[in-house]
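The values are calculated or read from the model by the stated rules, or taken from the named source; none is laboratory data. Computed from a predicted model, the values in this text were never measured in an experiment. Counting neighbours? That spans all protein chains shown, and the Cβs are built from the backbone with ideal geometry, glycine included.
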Amino acid sequence: MDDIVRQALAKWPNVPHCYGWLGLDARGNWYMRDDRMQAAGPFPQSKGSLLRHEKLVEFIHRNYDHDDRGQWFFQNGPQRVYVELEAAPFIWRIDADFSVSAHTGRAAVPHACFTDEAGRLYFDCDVGFGLVHTLDVAQAAEAIEQGRWTPAEVQSSELPVRFGFIASPAAAKAAA
C-alpha cells in the first residue's frame with residue numbers, strides 16, 4: 001500500500017466504503033461504473049467505462065487487497081472501493097519460462113491448477129486465486145503437457161466459497 005494511502009487512512013479513518021463502482025473483468029481490465037451503469041445491471045453485464053489512464057491503473061494495482069471476508073477492494077486514500085469480480089480476484093499471465101504473475105504485476109507461484117465446466121483454467125497461488133488470461137492458455141497448455149501443472153476439475157459456481165472470495169461485494173451488502 002502506498003504511504004500516501006496509509007497517511008489518508010490515519011487522518012480520516014471513518015470514510016464510508018464504496019460499492020459497485022469498480023469492476024475487474026476476466027482479462028484483468030478495470031471498469032469504472034457510475035450510477036447509470038449500476039442501474040443498467042450487475043457487473044459484468046453492465047461493465048461501465050474501461051480505465052485507460054496508466055498511472056491510475058498502476059495506483060489501483062499497488063493498493064489492491066482483500067478484507068477478512070474475502071471481498072477485494074482498492075484502497076483509494078481513506079476510502080475502500082470494493083471490486084466487482086467477473087471471474088476471480090486475480091488474472092494470471094504466464095511468461096515463456098512458465099513463470100506466473102498477476103494482472104497487477106505481482107509474481108506468483110501456483111500451488112494448484114483447475115479447469116471448470118467451460119474449460120477455463122485457474123491457479124491457486126501463494127498470493128491468491130485467479131483465472132489464467134485467455135491469451136496465455138496455449139502457454140499453460142504446453143506446461144500441462146510437460147507435466148508442470150495437473151489440472152483438477154471444479155465447478156465455477158463453487159469457486160468463491162472454495163477459494164474464499166466474494167465476487168460481488170455490492171450484492172453481498174444488499175443481501176445483508
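Filter the range 153-176 down to residues that are in a helix (DSSP H, G or I), surrounded by 12 or more Cβ atoms within 10 Å (Cβ to Cβ) and either in contact with a Gly (Cβ under 6 Å, 6 or more places away or on another chain) or not charged (D, E, K, R) (or both), then give me how many there are.
Adding up the residues that qualify gives 8.
In this structure, is residue 150 buried (at least 17 other Cβ atoms within 10 Å of the Cβ), polar (S, T, N, Q) and either at pLDDT below 95 or outside the structural domain of residue 19 (by TED's automatic domain parsing) (or both)?
Considered against the rule, which asks whether it is buried (at least 17 other Cβ atoms within 10 Å of the Cβ), polar (S, T, N, Q) and either at pLDDT below 95 or outside the structural domain of residue 19 (by TED's automatic domain parsing) (or both), residue 150 comes out as no.
Considering only residues that are hydrophobic (A, V, I, L, M, F, W, C) and under 12 Å from the mean Cα position of the chain (by Cα), which ones fall in the range 95-120?
Passing the criteria: only 102.
Give the residues of the range 143-152 that are in a helix (DSSP H, G or I) and without any contact (Cβ under 8 Å) to a residue 24 or more places away in the chain, sorted by residue number.
Residue satisfying the conditions is 145 alone.
Got at least one residue in the range 87-94 being over 15 Å from the mean Cα position of the chain (by Cα) and among the basic types (Lys, Arg)?
Checked the range 87-94: no residue is over 15 Å from the mean Cα position of the chain (by Cα) and among the basic types (Lys, Arg).
Within the range 133-141, identify whether any single residue is within 13 Å of the chain's Cα centre (by Cα) and of a type in the set (Val, Ile, Thr), and answer yes or no.
The answer is no, given that none of the residues of the range 133-141 is within 13 Å of the chain's Cα centre (by Cα) and of a type in the set (Val, Ile, Thr).
Taking the range 30-57 only, how many residues are closer than 16 Å to residue 89 by Cα and either free of Cβ contacts under 8 Å to residues at least 60 places away in the same chain or outside any loop (DSSP other than H, G, I, E, B) (or both)?
4
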